[in-house]
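Presented below is the structure to which this report refers.
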Amino acid sequence: MRHQHAGRKFGRNPAQRRALLRQLAISIILHERITTTEAKAKELRPVIEKLVTIAREDSQYHRRLVLSKIDHELAVLKLFDVIAPRYETTQGGYTRISKLGPRRGDAAPMALIEFVE
């Protein structure tokens with residue numbers, strides 16, 4: 001039984017899962033919306049919400065903290081300069097997941113994850 005084992009494995013080892021979520025987070029920051037599977041979108045949501053919450057307070061410490069988590073300078077700049085100022089007064093709920101149809105090749109359920117305006 002899988003009691004107390006939250007999170008999806010995606011058939012990957014822990015390092016590959018972290019790399020997958022890091023790259024998805026970079027993509028959503030740079031493009032502000034991405035299409036991926038529902039499971040990946042649901043796992044990505046808490047990651048990106050925590051990054052935006054950290055970025056709402058702009059300081060050298062917070063920039064270095066976010067940079068240590070996603071390691072992409074352009075994404076960090078956009079997160080702090082463009083995305084985080086939108087949510088100065090909002091307390092959470094920065095992203096929206098919209099379900100799309102199944103993927104044509106393998107019928108995997110797809111979803112659109114984007115920042116809420």
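Please treat every number below as a calculation from the coordinates, not as lab data. Everything quoted here is computed from the prediction, not taken from an experiment. Methodologically, a virtual Cβ is constructed for each residue, glycine included, from the backbone with ideal geometry; neighbour enumeration extends over all protein chains shown.
Data overview
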| read-out | value |
| --- | --- |
| Per principal axis, descending, Cα span of the chain in whole Å | 43, 29, 26 |
| Spin-label zone in region 56-73 - amide nitrogen under 17 Å from a point set 7 Å from the Cα of Gln23 along the C-beta vector | 70-73 |
| Other-chain or far-sequence residues with amide H under 5 Å of Ala108's (modelled H) | Arg103 |
| Longest site-free stretch - the chain; sites: trypsin sites (Lys or Arg not before Pro), DSSP loop, at most 16 other Cβ within 10 Å | 13-102 |
| Gap separating the Cα centres of region 1-25 and region 64-92, nearest whole Å | 22 |
| Value of [θ]222 nm, deg cm²/dmol, for the chain, DSSP H segments ≥ 4, -39500 (n - 2.57) each, nearest 500 | -14500 deg cm²/dmol |
| From phi via Karplus (6.51, -1.76, 1.60), per-residue ³J(HN,Hα) for region 81-92 in Hz, x at Gly/Pro | 8, 10, 7, 4, x, 5, 10, 4, 9, 7, 9, x |
